[in-house]
Amino acid sequence: MSQPALVCLPFAGAGASFYRPWSSDAFRSELRVVPLQLPGRERRIDEVPLREVSAAVDDLVGQLPGALDGAARVALFGHSLGAVLAYELAARLTATPGVEVARLFVSGSPPPDCPRKRRATGLPDDEFLARVAEFAGFSHAALDAAEIRELVLPTLRADIQMHEEYRSGVRDPLPVPVTALRGTGDRLVDAGQAMGWAKFTGRDFGYAELPGGHMYLVESSAPLLRLIERAVR
């Protein structure tokens, strides 16, 4: 049986390029990394960013036939906002003939039934960025440059709104194995919330913590990639 493609969904403000280093020779031998791109960033910078999860998943579904290049087995990974997108995309794919979802990896995210709080949406720019940095435990240095900040702020605002206003329309547990992940020092998502994903799968469930805070995967991706490889294999 062929190894699946690993479809990667972005966290708030990120683009597909974040995942491209995952396609190193060592990792590519097990999985083909397929990062998907949402409007409003990188090569799609001229497109209006989306503010609703359902619209974003519609966009992602439209990209898949070309991105998968015939792969029939798919694993999905998403962090924070990306976890929500990966979950909703997995629900769509389970109803798609000819596609097997091998495993869903949800990272740095409470489960779909956990109410999201309006922490940053609607705040003035400086307060918005400070609030995002506070709850994420991470701030990109590029945001200190006024020209770059003006370019990326609309997309980051749209992503945060999409996440904070998310309400799932999926009613039944997925017929897909799920692994929930978090950084050991994550102050945004606690262990109980991460393990709450267990009731959203009708298959096996795994839980793991990796060193770091909410944005642990920015600090070091190697342990995460090894974990993904073992779980999918």
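Please tell me if Gly13 is of a type outside the set (A, V, I, L, M, F, W, C), touching a Leu at 6+ places or on another chain (Cβ under 6 Å) and at pLDDT below 95. Walk me through how you get there before you give the answer.
Numbers: of a type outside the set (A, V, I, L, M, F, W, C): yes; touching a Leu at 6+ places or on another chain (Cβ under 6 Å): yes; at pLDDT below 95: yes.
When the stated conditions are applied, Gly13 passes them.
Thr121 meets all of the listed conditions (1) among the hydroxyl-bearing types (Ser, Thr, Tyr); (2) assigned to a loop (DSSP other than H, G, I, E, B); (3) surrounded by 23 or more Cβ atoms within 10 Å (Cβ to Cβ) but one, namely (3). Looking at Glu150, Glu219, Glu209, Glu164, just one residue is surrounded by fewer than 22 Cβ atoms within 10 Å (Cβ to Cβ), in contact with a strand residue (DSSP E or B) (Cβ under 7 Å, 6 or more places away or on another chain) and of a type in the set (D, E, K, R), and that residue is Glu209.
Got a sec? Which of Ala180, Ala191 is surrounded by fewer than 19 Cβ atoms within 10 Å (Cβ to Cβ) and within 26 Å of Ala102 (Cβ to Cβ)? Talk me through it step by step, then tell me what you get.
Details: Ala180 fails: surrounded by fewer than 19 Cβ atoms within 10 Å (Cβ to Cβ).
Only one candidate qualifies: Ala191.
Leu36 falls short on exactly one of the conditions (1) free of Cβ contacts under 8 Å to residues at least 12 places away in the same chain; (2) in contact with a Cys (Cβ under 8 Å, 6 or more places away or on another chain), and that condition is (1).
Scanning region 95-121 for residues that are over 13 Å from the mean Cα position of the chain (by Cα) and within 21 Å of Ala133 (Cα to Cα) yields Pro115, Arg116, Lys117, Arg118, Arg119, Ala120, Thr121. Of note, Ala120 satisfies the criterion of being touching a Phe, Trp or Tyr at 6+ places or on another chain (Cβ under 7 Å) and within 16 Å of Glu164 (Cα to Cα).
Can you find even one residue in region 128-137 that is free of Cβ contacts under 8 Å to residues at least 60 places away in the same chain, part of a helix (DSSP H, G or I) and closer than 23 Å to Pro175 by Cβ? So far as region 128-137 goes, no, none of its residues is free of Cβ contacts under 8 Å to residues at least 60 places away in the same chain, part of a helix (DSSP H, G or I) and closer than 23 Å to Pro175 by Cβ.
Please work out if Arg51 is in contact with a Lys or Arg (Cβ under 9 Å, 6 or more places away or on another chain) and more than 25 Å from Val232 (Cα to Cα). Show your work before the answer.
Numbers: in contact with a Lys or Arg (Cβ under 9 Å, 6 or more places away or on another chain): yes; more than 25 Å from Val232 (Cα to Cα): yes.
Here the answer is yes, as Arg51 does meet what is asked.
So which of Val61, Val74 is touching a Pro at 6+ places or on another chain (Cβ under 7 Å) and over 19 Å from Tyr216 (Cα atoms)? Only one candidate qualifies: Val74. The condition of being at pLDDT below 90, closer than 28 Å to Val101 by Cβ, more than 18 Å from the chain's Cα centre (by Cα) and of a type in the set (D, E, K, R) holds for only one of Arg149, Arg233, that being Arg233. Checking the structure you have, find out if any residue of region 114-122 is touching a residue at least 60 places away in the same chain (Cβ under 8 Å) and at negative phi. Within region 114-122 (the criterion being touching a residue at least 60 places away in the same chain (Cβ under 8 Å) and at negative phi), the answer is yes, since at least one residue qualifies. Note on region 62-83: residues that are surrounded by fewer than 24 Cβ atoms within 10 Å (Cβ to Cβ) and in contact with a His (Cβ under 7 Å, 6 or more places away or on another chain) total 0. The set of residues from region 158-193 being free of Cβ contacts under 8 Å to residues at least 60 places away in the same chain and within 22 Å of Glu134 (Cβ to Cβ) comprises Glu164, Thr184, Gly185, Arg187, Asp190, Ala191, Gly192.
The values are calculated or read from the model by the stated rules, or taken from the named source; none is laboratory data. Just so it is clear, the model here is predicted, and its values are computed rather than measured. Cβ: placed from backbone, ideal geometry, glycine included. Neighbour counts: every protein chain shown.
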